[in-house]
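Here the structure is laid out as structure tokens; the discussion comes afterwards.
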Amino acid sequence: MRMLSPRWIKLTRDLKKAPGRVFIMLAAMAAGIFGFATLLTSYTLLTREVSRNYAATHPASARVQADSINASLLAAVRQFPAVAFAQAGASVHGSIYDAAGELHPLTVFVIDDFQQLNINTFFAEAGAWPPLPNTLLLERNSLKVLKARLNDPLRLQLQGGDWVTTRASGSAHDPALAFSNYYVYAYASLNTVQALGVKTSFTDINIRTHEPLNARAIEQTASAVALWLQQQGHKVGAIRIPPPGEHPHQAIMFGVISAFLVFSVVAFVLCAVLMATLIDGLMAPQLRQIGVMKTLGACHWQIAIMYLSFVGVLGVLATLVAVPCGVLFGQSLSRGMLVNWLNFNVQSLHIPQSVYILLVAAGVLVPMLAALVPIAWAIGVPVQTTLSYAGTGRGRDALNQWGAWLVRLLRANRVIAMALRNCLRRPGRLLQVVSLLAFAGAVFISALNVRHAVEKQLSAAAAQRHYDLEIHLASPASGQAVLTILMKVAGIEQAQTWSQTPVARHRADGLTIETTYPDDSHGLLSIAAIAPDSTFLTPAIKSGRGLNQLGIDEVVLNGKALHAFEQPIIDERITLSVGGRVAALQVVGIADEKMSPGIAYVSAATYEKLTNQQDLYTNFRIRMTDHRAENVAIKAREIESVLAQQHFYVTGSISEQKLRYEVDGHLSMLINALLQVALLIALVGLIGMGSALCGQITERSGEFGVMRILGAGSKTLMQIILAEGMFIGFISWLAALIVSVPLALGIGYFLGNLIFDQAFEFVFSPHAIGSWFVILISGALVACMYPAWKAVRMNIRSSFAY
């Protein structure tokens, strides 16, 4: 015990002499642990809350469209062995004006009993529950879309009926609906919908099976119910089975969660690298003291325990500060993503005990494990070498051959030459710091590269669409009559009909099964008619013929549709179910259509044959003479007014700008998450660089004293330190550029195929490169300030006394 006491006293005195260095080490350790705690907390919460939010809605396993749905029929369906519960429902489509006078598509879900929501559950948010008679219950995000408040007057039209005015007496939260900046969703009783002018009844039987995640069992159960209904004399329409247990934005959410999982692991590894850098900087100045202790008889394991204990204490202190802060920041980050980006509620911010155990173990054990290598190196240095150690390297000339030519090149500038020599003295430490900053830069640059790749993909998709506006009518109308009206509107260059209807793969039992969500949008597979000689849509043709070369019973599939039909080849036939009719179509082409849902393109003649609609259309596409967004918006309102005067009512219109905004909003949260992670890692790296520079200054204190004696002023010393920081920043910037290429390719491939079944093209963004350079150099200057200030304050006596 008496032999240990002097060593502990010596270490305590060393720490008292350098409180700034201890603080920097604590800050750097805390930064690494903070980054790991933030990302692991975010991953834990996102994984749990996304699953909880969607599962809490008890989503319908299947939706069977039928007629004459009543209580006795529902009771009979509930007797099926595989059916856990069944309830009636319906959806009514229309349009609604927001507070600014802009038209939005509206879907009203007709609810049988607001007090007994056992399937497709949503939750009261504000106002009346259930909604007051003849009023709506708006989904809370739709209130934002409409720029409205509860009880504001709402002007709407349902299923081509008259325009009516009502109000929203309450709002609800439905986690099962995909977040949208354009579509409006509401809920109402059957009596309210009928009072608003729609003659309808319940048309859907929503079924939840005992195995809600078993796709095959769900399809078998839904098919059995549909066939039984047909045997009872009921007319059965489409059966809609969304992917079991998957939210409409599951792909995007999975991308976000995967990113946080991967980067939490990376943050853990980088945290270990940072710790090794810090401990390496701690041990180098201690070599002489270790040599003296060994001369006086101290054993290797005694010295190791002393320094490991010191590192463990620092780890405990850093953990006590960083883990609570990291958990709080991770909770805040997760809450913002769930509420603002996904329209979810955070049901609980509770962090499992296992996460805290992992964080504490990482905060305490990782620094000690990282310290083993530098401590073992310091203890293993021979006594004679330790007593003559001058902080210039580990027993060799660290200015090795790969760096010597650069110093000779810059020998005319002694400040820069010395700064480079100092950085290259400890290539291992330089590599550790550079790896931290390089990875952060690679993530940042890759995120912006993917951001630009998305914008390029959107621009490429827009370039395939040679029209400015698409309008949707409440009911099919004569194409010739509507086109005649449209062409009389000033500023319209050309207008064409556009027909589209849902389809499904044909089944031997004659049933129509679609993989569509309750919003009737996500997961939809459609067949669309191309007008003769149309130039409004020109996707690249990957193989086969183009859209304007279609004959009778021929089809061109886009990328999404191709996946839906299990990759059929050219000249192969596919069998579709279109509104109860069976159609055998020959695949003659594959279109590379950017960012589009699954569509099978046929000629207008084939479409009329399949749907039995002669010159009846609901959609029209319009090209303006003035393509500016503000002009398109003005013309859209004029078109709505002109058509309404002729009793053709528009339920919605979408311009190229709206379409881009809607798609872009789906991806922005993932890009923003990547940027936040990159900046967090960069912060850890910059703190590590500052700490490493502090260590180098301590090691070279005698050198600074010699420079002072030879006449070097404070300005020269500061320039050397700042030049070292700039050199490290520049090297890490170059490394980030190299690493960002495969990283951006990987992220673009993963996200593109995950969301659009097509990898994003690689884009090397000069803006991303320049932005990271500015951030890195600015951060490096800030990180160098304390080491430079410390070097300037060091006088000749203190530099030789250390």
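The values are calculated or read from the model by the stated rules, or taken from the named source; none is laboratory data. No experiment lies behind these values; they were computed from the predicted model shown. In this analysis, Cβ positions are derived from the backbone assuming ideal geometry, glycine residues included, and neighbour counts consider all displayed protein chains. Heavy atoms of the whole protein, side chains included, go into the accessibility calculation; ligands, DNA and RNA do not. Shrake-Rupley method; radii C 1.70, N 1.55, O 1.52, S 1.80 Å.
Per residue, the stretch 149-239 exposes 45 Å² of solvent-accessible protein surface, assessed with a 1.4 angstrom probe and all protein chains in place.
Nonpolar atom fraction for the stretch 530-665, defined as the carbon and sulfur part of the 1.4 Å probe accessible area, stands at 51 percent.
Just the number, please: carbon plus sulfur as a percent of the accessible area of the stretch 121-179, 1.4 Å probe, no ligands or DNA/RNA counted.
Taking all protein chains in place, the stretch 121-179 shows 52 percent carbon and sulfur surface.
Each peptide among 324-337, 637-650, 443-456 gets the average number of other Cβ atoms lying within 10 Å of its residues, and from highest to lowest they stand as 443-456, 324-337, 637-650. Judged by the mean number of other Cβ atoms found within 10 Å, the most tightly packed of the peptides 235-242, 189-196 leads the ranking 235-242, 189-196. A straight line joining the Cα centroids of the stretch 13-92 and the stretch 763-783 runs 35 Å. How much FRET efficiency would the formula 1/(1 + (r/R0)^6) give for GLN194 and ALA490, where r is the Cβ-Cβ distance and R0 is 51 Å, rounded to 0.05? So the FRET efficiency works out to roughly 0.80.
Summing Cβ point charges (Lys, Arg +1; Asp, Glu -1) relative to the Cα centre of the stretch 557-645 gives a dipole of roughly 120 debye. The share of C-alpha pairs in the stretch 283-364 whose separation exceeds 23 Å stands at 50 percent. For the stretch 30-85, the per residue solvent-accessible surface stands at 33 Å², with DNA, RNA and ligands left out and a 1.4 Å probe. For the stretch 181-252, carbon and sulfur atoms together expose 46% of the accessible surface, with a 1.4 angstrom probe and every protein chain in place.
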